[in-house]
Amino acid sequence: MERWKGRVALVTGASVGIGAAVTRALVQQGMRVVGCARNVDKIEKLAAECQSAGYSGTLIPYKCDLSNEEEILSMFSAIKTLHKGVDVCINNAGLAHNEPLLSGKTEGWRNMIDVNVLALSICTREAYKSMKERYVDDGHIININSMGGHRLVPSADEHFYCATKYAVTALTEGIRQELREEKTHIRATCISPGIVETEFAFRHHNSDPEKAAAVYESIKCLKAVDVASAVTFVLSAPPHVQIGDVQLRPVEQVS
């Protein structure tokens, strides 16, 4: 991670869970991290914790609604003005709604597409433009995906969410191919965790907290820090090594 010290990383969905853990890990490794979310209060608290811990990097909180393209573009413009640009883009933000394919609400489907697919694609495009205009040839784009992007969970509540994560799997490979065609050494990686104990299930099953709790009580789950470790592992790989897809499951997870 030595070569990343002082360089700029963008982490979306940085306020809680995996995003917060990844943000903390990168600041600890000496990076300047722009952490964005709709609510920056928790990111500001995390920034203070990182400073108190004496981490060599810096956390810059940024308020951004990733379902709004204008706000994303404004964020990248601010990063360019204040920090020159983005060297690492961690597309972590994602959400799920209980909207089955046969009875779900269009609004919920659209929100999942806006955040899980379109925001990821917009951030990737803008991060690449930032790297290209500054002749950065060793940048990295990391998409935090899901095992739901590789196999369908047998639950109607998850089917549309899984569809968006299948899209992330395809998008990551498409990004890799396009980067290769551009003859750049910028890399693209997909990290696909299984069940991670965060607030995700409680947001997903917001009307049934007992169901959410049961998800995490059924097995010994991954922790957010486990995914953060995978991110630093990927970034630590030599510049000529392309890590395409990292799949992380709890040992006890069935599929």
Margin query: I need the full set of residues from segment 89-145 which are of a type in the set (Phe, Trp, Tyr) and touching a residue at least 24 places away in the same chain (Cβ under 8 Å), in order please.
Written below: Trp109, Tyr128
Check: When both residues are 6+ apart or on different chains and their Cβ atoms are under 8 Å apart, which pairs have a first residue that lies in segment 66-88 and is among the acidic types (Asp, Glu), and a second that is open to solvent by less than 10 Å² (accessible area, probe 1.4 Å)?
Finding: Glu71/Cys64; Asp87/Trp4; Asp87/Val8; Asp87/Ala9; Asp87/Met131; Asp87/Gly139; Asp87/His140
Note to self: Quick test of your reading of the structure: Leu118 fulfils all but one of (1) over 25 Å from Ser229 (Cβ atoms); (2) outside any helix (DSSP H, G or I). Name the failing condition by number.
What the structure shows: (2)
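Among the residues of segment 96-116, write down those that are more than 13 Å from His159 (Cβ to Cβ) and loosely packed, with under 12 Cβ neighbours inside 10 Å. Let's see the steps before the verdict.
Quick first cut of segment 96-116, residues more than 13 Å from His159 (Cβ to Cβ) only: 105-107, 110-111, 113-116.
Once the filter is applied, which keeps residues that are more than 13 Å from His159 (Cβ to Cβ) and loosely packed, with under 12 Cβ neighbours inside 10 Å, segment 96-116 yields Thr106, Glu107.
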Next item on the list: Among what's in segment 137-157 and is assigned to a helix (DSSP H, G or I) and open to solvent by 30 Å² or more (accessible area, probe 1.4 Å), pick the residue that is farthest from Val86 (Cα to Cα).
Entry: Ala156
Next item on the list: Would you check which residues across segment 179-199 are hydroxyl-bearing (Ser, Thr, Tyr) and closer than 30 Å to Ile219 by Cα and list them?
Entry: Thr189, Ser192, Thr198
Check: Pick from segment 98-112 the residues that are touching a helix residue (DSSP H, G or I) at 6+ places or on another chain (Cβ under 6 Å) and assigned to a helix (DSSP H, G or I): which of them is nearest to Leu179 (Cα to Cα)?
Finding: Met112
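The values are calculated or read from the model by the stated rules, or taken from the named source; none is laboratory data. Bear in mind that the values here come from a model prediction, so they are computed numbers and not experimental data. Every residue, glycine among them, receives a Cβ derived from its backbone with ideal geometry; neighbour counts consider all protein chains shown. Areas reflect the complete protein model, heavy atoms only, side chains present, ligands, DNA and RNA absent. Shrake-Rupley method; radii C 1.70, N 1.55, O 1.52, S 1.80 Å.
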